[in-house]
Amino acid sequence: MSVVLKVRSGDIFRDLCVLISGKPQSIGRLDHCDLAFPDDIEMSGRHLSISLNPDNSCGFSDPGSTNGTFVNEKPVSEGILLLGEILRCGLTEFCIQHVDVDEAKNSDHRHAAPSHVHPTAAPHAHQAAQPPRDKIEAARTQPSNAESSLSTLLPERSGFSGASALEICEKYSLGKEIELTPTVGESPAAYAHRLATSCHDNECLVFLAYALPKRCAVWWLTQCTQAAESFKSDADRPMLALAEDWVRNPTDESRRKAMKMAEQLEMASPAAWAGVAAFWSHGSMAPPEAPSVQAPDHLTGKAVSGGAILATVLKTPEKAPDRRRQFTEIAIRISAGQLPWQ
């Protein structure tokens, strides 16, 4: 009997490696980890060590990760992973399975995946629903010269992601981040204005990052960054250009180019977060040759809100209140179709 470590991929768990007694596997974002997940921004560089004990039990140890390790959503630092339990590091979920020796030998994943394969971050089982799988698969099977058909998955050029502010807040569980509750029937635009004038900090930006459709949200972040000149380095302008290219033509190639440059910029600027948001908006988070791993629906909003908040304080934090109001007005103009990308 062998023990297989599995990683969540979409709605199922896929084999990742067979655990071998005496050979611990390190899990983290860094390339030198045995199992590297570079796109999981909530996973530490070296997050966890997992190993097979002589009695065939599966032990794990968290040496002190930033965001912690969870088993069935309960925080733990070390222990034994049992059959049926879900181990989570950052956004990525794992489980184990006992298999016959012959079955393990025939598996394509008998040995630990090398770090260059980079199996990547997997979504929570309980996160918001993904776009219809049949539409995703249909887009994925189109010829490469028709990749622009992916824009049919993200067609919105204006408007909001819900008919009311309350619908949007409930869809993305924004009550955890925003104290002011929208009224019944309150429009997203009216609620955004109310947040901008009556609340402190960045609640209006958080709401708008989710309220705008994904392409509009990334476009909004690029326009806010340029309006406030929130550039950390000269590389931010070509980074913004890549993000805008994706908005105009949301192909798999354009979003991967944007993510690659965002990683080179260490995701340290608003422009870089626009590239991350584009990457998380559709398609697989895994490398092209790896099994598909769809991003949770909320991640685009998370990246956009992080970039917008950073854009308000970069270089001149004393201007943050004015920039929040300015960014709110830009979002309203985009939703009304007054600031199109073409």
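The values are calculated or read from the model by the stated rules, or taken from the named source; none is laboratory data. Quantities reported herein were computed from a predicted structural model and do not represent experimental measurements. With ideal geometry, Cβ positions are generated from the backbone for all residues, glycine too; neighbour counts draw on all protein chains shown. The area values use the complete protein model at the heavy-atom level, side chains included, leaving out ligands, DNA and RNA. Shrake-Rupley method; radii C 1.70, N 1.55, O 1.52, S 1.80 Å.
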*asked:* Six or more apart or on different chains, Cβ atoms under 6 Å: show the pairs whose first residue is in region 64-92 and assigned to a strand (DSSP E or B) and whose second is open to solvent by 20 Å² or more (accessible area, probe 1.4 Å) and of a type in the set (S, T, N, Q).
replied: 78/61; 80/57
*asked:* Step by step: first the residues of region 196-220, then only those that are more than 19 Å from the chain's Cα centre (by Cα) and closer than 25 Å to residue 295 by Cβ, then the one that is surrounded by the fewest Cβ atoms within 10 Å (Cβ to Cβ). Which residue is that?
replied: 203
*Of all residues in region 160-195, count the ones that are open to solvent by 20 Å² or more (accessible area, probe 1.4 Å), on the phi < 0 side of the Ramachandran plot and under 26 Å from the mean Cα position of the chain (by Cα).*
16
*Enumeration of residues in region 327-337 that are within 16 Å of residue 222 (Cβ to Cβ) and open to solvent by 10 Å² or more (accessible area, probe 1.4 Å)*: 329, 330, 333, 335
*Select from region 34-57 the residues that are surrounded by fewer than 22 Cβ atoms within 10 Å (Cβ to Cβ), more than 19 Å from residue 2 (Cα to Cα) and aliphatic (A, V, I, L, M) and list them in ascending order.*
41
*Do we find that residue 31 is touching a Ser or Thr at 6+ places or on another chain (Cβ under 8 Å) and buried (at least 22 other Cβ atoms within 10 Å of the Cβ) in this structure?*
no
*region 63-89: number of residues that are farther than 18 Å from residue 8 by Cα, touching an Asp or Glu at 6+ places or on another chain (Cβ under 9 Å) and not β-branched (Val, Ile, Thr)*: 4
*Subset of region 315-337 [under 27 Å from the mean Cα position of the chain (by Cα), within 14 Å of residue 203 (Cα to Cα) and free of Cβ contacts under 8 Å to residues at least 60 places away in the same chain]*: 320
